[in-house]
Amino acid sequence: MRTGLDASEKTSPRAVRVTRARRSSLWGLVAVVAAVIGLATLPYLVYADVTDFLTNAFILLVLASMWNLLAGYCGLISVGQQAYVGVGAYSVLILAQNGINPYAAIPAAVLAAGMIAVPVSFLVFRLRAEYFAIGTWVVAEVFFLALVRVRSLGGGTGTSLPGLSLIDPALREAITYWSALAIAAAALLASYVLLSSRMGLDLTAIRDNEVAARSVGVRVTTAQRIVYVVSAAGCGAGGALLIISQLNVLASAIFSVQWSAKMIFISLIGGVGSIEGPILGTGIFFAIQQSLAQLGAWYLILVGIVGIFVAMFLPRGVWGLISSRFHIQVFPVGYWLHPHPALPQRGRGKS
């Protein structure tokens, strides 16, 4: 019995069949939808401390997914995405101070972060590699230094968010949780749609070899700028959720580089260059945090050791190991090659 294809069949245009996903991937997407629906019912089933915990997890998932989109598919390592976290938070604050409901201000915060990212991209895209990383950090510091000088926004001491004091606390926490869940689902969906499109192929080519991508006609700078703006808008949504969940904002905290450090760590341990990676990385990060936070400074040391171990021995992250071992892909943005079913099955017959 012949188990392979001969040379003529391998070169034939009908030799293989290209599909977007396997059956297991479709079941994975169904499971994700079911999980989102199940999570939406939690405010009716659990105490507020559980939903508060999950709200924080959803915020970090959004931020990590946006950083992963930028670094994992464009090769742009940014340590300044906290600039747009701050833009999102302060956009909600400004609109709330002018009588707009903070929840209704979230879309405006997303739009503001995306719009600001456009001119910033023309500046930072003049830099490469480590210079790009440092440049984005400088941009975040400039935003911080500008905002701490505006007294109406709290200056350097911070200020509270108006507009939510009249809402029942239990209802406010539930609405905040649903908003965080919806934005996390939207961030994952946006990543999936973007990476499943023609641009997704361009981004994969850019990630693998930017020079080669340019040589075959990929508009590298345009693709990178679109992803940079999308990433900034997502971080703006995360910042909007932060100020709503905390009911106050402090410039030194919201523009802290620790936000970028958390994005990088979550993406690194989960798996850079996959949509599933930040999801798994967020779960691992919070598991470590809940288990080891009481150790004080040792917690940070252990987190650093975990990050170093993953970088050295699991360059594709934990999800990369799982995916390669079990051939699982929940969000099928790649392609699978199969022998074409119409090929003649030579050598097969009655035994």
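Return the equivalent ellipsoid semi-axes of the chain as a descending list in whole Å, where each equals the square root of 5 times an eigenvalue of the C-alpha gyration tensor. Walk me through the intermediate numbers first.
Values: eigenvalues 326, 115, 76 Å².
Result for the chain: semi-axes of 40, 24, 19 Å.
The Cβ shell under 15 Å around A64 holds other residues with a net charge of 0, Lys and Arg each +1, Asp and Glu each -1. Using C-alpha pairs below 8 Å separated by at least 6 residues, the relative contact order for the chain is 34 percent. Look at the dipole of the stretch 12-339 built from charges on Cβ: of W137, V46, F125, the Cα furthest out on the positive end belongs to F125.
Could you order peptides 267-273, 252-258 by the average number of other Cβ atoms within 10 Å of their residues, highest first? Provide the component values of the computation, followed by the final result.
Details: 267-273: 25.0, 252-258: 17.1.
Taking the mean over residues of other Cβ atoms within 10 Å, the ranking is 267-273, 252-258.
Legend: helices of the chain (whole DSSP H runs) are marked when their alpha-carbon atoms reach 30 angstrom or more along the helix axis and their mean Kyte-Doolittle hydropathy is at least 0.0; marked are 48-74, 169-196, 220-246.
Rounded to the nearest 20, the size of the Cβ-charge dipole of the chain about its Cα centre is 1520 debye, with Lys and Arg at +1 and Asp and Glu at -1.
Can you compute the FRET efficiency between Q290 and S252 using 1/(1 + (r/R0)^6), with r the Cβ-Cβ distance and R0 = 30 Å? Round to the nearest 0.05. Present the calculation step by step, with values, prior to reporting the outcome.
On the way: r = 26 Å, r/R0 = 0.86.
Efficiency, rounded to the nearest 0.05: 0.70.
When peptides 188-196, 286-294 are ranked by their average number of other Cβ atoms within 10 Å per residue, the highest-first order is 188-196, 286-294.
Read-outs: derived from the displayed coordinates by stated rules, not from any lab. Since we're looking at a predicted model, the values are computed, not measured. Cβ sites come from the backbone with ideal geometry, for glycine too, and all protein chains shown count toward neighbours.
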